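Since the structure comes first, as structure tokens, the remarks are kept for the end.
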Amino acid sequence: ADEPMLGSWSLETEVAETISHQAVKVEEYRKPEYQVTVETSKMAFVQDETITATVDAGYYFGQPVVGAEVILQVYSVYPDSLWAEAGESVFGYPILVEEGRTDAFGQWLATVPTGELFRGNERAKTVALALEATVTDEAGQSVSNYQTVVVHRTSQGLVLHLERHGYAPGEEIVFAAQVRDQAGEPVNGVEVAVQVLGWDDREIAGTVESTDRAGLAQFSFEMSEQGWYQVLVTGTDDGGREMLAAEYFWVYDPTGVAPWYQGESGQEPVLTVSADQSTYEAGEEAQVAIYTREPGQALLTFERGETRQAEPIELVSGTNLITVPILAEYAPNIYVKVNQFGLPSTDLWQVKSLPEAELHTASVQLQVPMADRLLTVTLTADQESYSPGEEALFQVQV
């Protein structure tokens with residue numbers, strides 16, 4: 001109807017004696033009479049800084065919305081959420097709620113502290129926030145808008161440059177830590193501490209160096225025992241905040257007889273696959289380490305969307321190192337997967353008969369950037385501004 005009764009309705013359908021209900025809400029719509037903006041002094045802040053937000057409410061005919069109720073809700077923003085549509089962000093639960101009223105100019109000033117944002121998330125370097133303001137006028141009409149900002153843990157950034165992730169026992173492991181400010185400029189004279197930790201978090205080696213004019217601090221170590229290790233570098237920014245960066249690498253034993261690592265349960269993994277670098281170029285060779293607890297045959301496959309190549313391999317108990325030539329057709333990525341039948345895992349909650357064997361699988365992604373195929377796209381309009389009803393002509397150049 002043109003003017004149905006407002007409230008909750010129920011739509012009922014009956015098909016072949018099956019009845020289904022669907023709730024429907026009918027609400028009044030009023031065209032907004034004013035707009036709300038949320039502005040902050042800047043778009044990026046540092047931990048412990050206070051975010052100052054100005055909420056402005058004004059009628060479209062130019063007058064301020066005076067004495068209106070304002071509710072400011074602050075949300076964490078997750079741009080890479082699995083539930084986000086392309087180009088969208090997902091808001092979490094409100095972490096702060098503030099209330100107030102607009103003044104004679106239709107404005108309200110709010111402050112948001114940032115000191116506790118990183119509590120419980122010690123490894124996060126940045127946190128994105130959405131500041132959403134809802135203004136309700138005397139007529140009961142509500143209008144909302146929000147502004148997003150980024151809060152950095154530190155005023156300077158610490159990055160760890162590790163060329164590879166796999167090394168032979170006794171091979172020199174060279175890496176560097178780099179410190180830059182928010183403008184991207186290198187910072188000289190920052191003291192950086194480095195620790196090499198074993199899988200059980202025990203310290204294997206450590207030293208301290210200072211950054212040079214390029215913001216770099218150079219380090220090198222040699223490890224003789226096979227296993228997974230973590231490189232942990234720390235420093236403090238100009239505000240005394242701790243900077244942190246970490247990377248993992250592994251040292252392999254070509255004989256394949258040394259233990260790999262022990263997980264939280266104290267047990268070695270059944271099957272793992274690791275690559276010695278994060279990215280490769282066509283023509284290079286990737287060193288892929290396959291660790292298995294059980295010797296025997298396995299199937300090695302190269303996959304992306306489909307199985308592109310498959311070959312049987314023979315594995316020994318422990319570490320197996322294979323060399324994978326990087327082909328141009330692997331761009332932009334390829335998955336190296338190992339399938340091996342072995343003894344079934346012993347589950348305390350097993351309530352059915354154990355099979356004679358269980359299929360164990362593990363894989364690693366080899367990234368091959370397509371730098372030679374990137375396109376430069378420009379979009380140009382024939383005017384800088386338009387009036388309603390005009391036609392705009394755009395030129396796309398690739």
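The values are calculated or read from the model by the stated rules, or taken from the named source; none is laboratory data. Only a predicted model underlies this, so the values are computations on that prediction, with no experimental measurement involved. Neighbour counts run over all protein chains shown; Cβ positions are idealised from the backbone, glycine included. Side chains are part of the model used for accessible areas, which takes the heavy atoms of the whole protein and leaves out ligands, DNA and RNA. Shrake-Rupley method; radii C 1.70, N 1.55, O 1.52, S 1.80 Å.
A few remarks follow.
- Modelled label positions at residue 44 and residue 1, each set 7 Å beyond Cα in the direction of Cβ, lie 5.8 nm from each other.
- The candidates 360, 21, 152, 161, arranged from most to least accessible area with a 1.4 Å probe in the full protein assembly, appear as 21, 161, 152, 360.
- For the range 180-193, the Karplus equation 6.51 cos²θ - 1.76 cosθ + 1.60, evaluated at θ = phi - 60°, returns couplings of 10, 8, 5, 7, x, 7, x, 10, 8, x, 8, 7, 10, 9 Hz by residue, with Gly and Pro reported as x.
- Rounded to whole Å, the principal axis extents of the Cα atoms in the range 145-209 read 57, 30, 21, largest first.
- Computed accessible area, residue 8, all protein chains, 1.4 angstrom probe, square angstrom: 100
- Those trypsin sites (Lys or Arg not before Pro) in the range 283-321 that DSSP places in a loop and that have at most 15 other beta carbons within 10 Å: 304
- Cβ-Cβ FRET estimate between residue 27 and residue 396, R0 fixed at 35 Å, reported to 0.05: 0.25
- Choice from 272, 111, 234 showing the highest fluctuation, given a GNM over the chain with Cα pairs closer than 10 Å: 111
- If you run the Gaussian network model on the chain, springs between alpha carbon atoms under 10 Å, then out of 375, 271, 11 the most flexible one is 11.
- For the range 38-49, Karplus couplings with θ = phi - 60° (6.51, -1.76, 1.60), whole Hz, Gly/Pro x: 10, 10, 10, 5, 7, 9, 10, 10, 10, 3, 5, 6
- Backbone phi angles across the range 286-292, fed through the Karplus curve with coefficients 6.51, -1.76 and 1.60 (θ = phi - 60°), yield HN-Hα couplings of 9, 9, 10, 9, 10, 10, 9 Hz in residue order; Gly and Pro are listed as x.
- Hypothetical label at residue 322: residues of the range 280-300 whose amide nitrogen lies under 17 Å (7 Å Cα-Cβ projection): 285-300
- Amide N proximity, the range 40-78 versus residue 105 label position 7 Å along Cα-to-Cβ, cut-off under 15 Å: 40-41, 53-58, 63-67
- Relative compactness, the chain, computed as alpha-carbon Rg over 2.2 N^0.38 Å: 1.38
- Counting only heavy atoms of the protein chains and using a 1.4 Å probe, residue 181 has close to 60 Å² of accessible surface.
- Residue 14/residue 66 FRET efficiency (R0 56 Å; Cβ-Cβ; nearest 0.05): 0.55
- Electrostatic dipole magnitude of the range 13-72 [Cβ: Lys, Arg +1; Asp, Glu -1; Cα centre; debye, to 20]: 200
- Straightening the chain between residue 356 and residue 95 buys 88.8 nm, computed as 0.36 nm per residue apart minus the Cα-Cα spacing.
- Here the label points at residue 138 and residue 383, each 7 Å from Cα along the C-beta direction, are separated by 4.1 nm in the simple model.
- Amide N proximity, the range 225-241 versus residue 195 label position 7 Å along Cα-to-Cβ, cut-off under 18 Å: 228-237, 241
- Per residue value of the accessible surface for the chain (all protein chains in place, 1.4 Å probe), Å²: 62
- Heavy-atom accessible surface of the range 38-195: percent carbon and sulfur, 1.4 Å: 49
- A Förster radius of 35 Å combined with the Cβ-Cβ distance from residue 174 to residue 299 puts the calculated FRET efficiency at roughly 0.45.
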